[in-house]
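Okay, structure first, notes after.
The values are calculated or read from the model by the stated rules, or taken from the named source; none is laboratory data. Not measured: the values here are computed from a predicted model. All Cβ positions, even for glycine, are placed from backbone atoms using ideal geometry, and neighbour counts span all protein chains on display.
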Amino acid sequence: MIDRGILWLLGEASDFSALGRKFRGDNARLGWSDLIAVLAIIAAIALLFWFLKRTSSGIGRTRNRNSPRQLFKQLCRAHSLTAANGRLLRRLARSQGLAHPARVFVEPHRFDPQRLKPSMRKDESRLNELRGKLFASPPNRYDDETSTG
């Protein structure tokens, strides 16, 4: 039984030897169509790897990136600030030497007139308006309960 299987495999191997016939002698030429087909296959494989990498690592769905600039832009958008107000806040952060300009959204003391550099004093009224917009707190609904208690 084993001998018959080996003979069958050897017989099939002779059929496969004819496959290399086109790559010998005068037949060993590549035309433009062959080159284009190979390049298309390589591009398809590269595209497949790129797609699999993006979808498997989650980058395609959400970008988890530590970008102070993007955070600042998102905060400006969330607070519906105009481009001019965004530039003013960025200037405020830069004048105070902040590495992360988004800190002006969580640190109200950055707007204090005593902390403003001389270059920012001309915009003091606009900064006060922005401070009121960013840090205005709604009335505390528990005020009545705590005063009676």
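Brief remarks follow.
- Checked against (1) at pLDDT below 90; (2) surrounded by 11 or more Cβ atoms within 10 Å (Cβ to Cβ); (3) under 30 Å from the mean Cα position of the chain (by Cα), Asn66 meets all criteria but (2).
- Set side by side, the residues Asp34, Asp26 differ, and just one is part of a helix (DSSP H, G or I) and modelled with pLDDT under 70, which is Asp26.
Every residue, every condition in (1) within 23 Å of Leu71 (Cα to Cα); (2) touching a Cys at 6+ places or on another chain (Cβ under 6 Å); (3) assigned to a loop (DSSP other than H, G, I, E, B); (4) among the small types (Gly, Ala, Ser), yes or no:
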residue: Arg91; (1), (2), (3), (4): yes, no, no, no
residue: Arg94; (1), (2), (3), (4): yes, no, no, no
residue: Leu98; (1), (2), (3), (4): yes, no, yes, no
residue: Ala102; (1), (2), (3), (4): yes, no, no, yes
residue: Arg110; (1), (2), (3), (4): yes, no, no, no
residue: Asp123; (1), (2), (3), (4): no, no, no, no
residue: Arg126; (1), (2), (3), (4): yes, no, no, no
residue: Leu130; (1), (2), (3), (4): yes, no, no, no
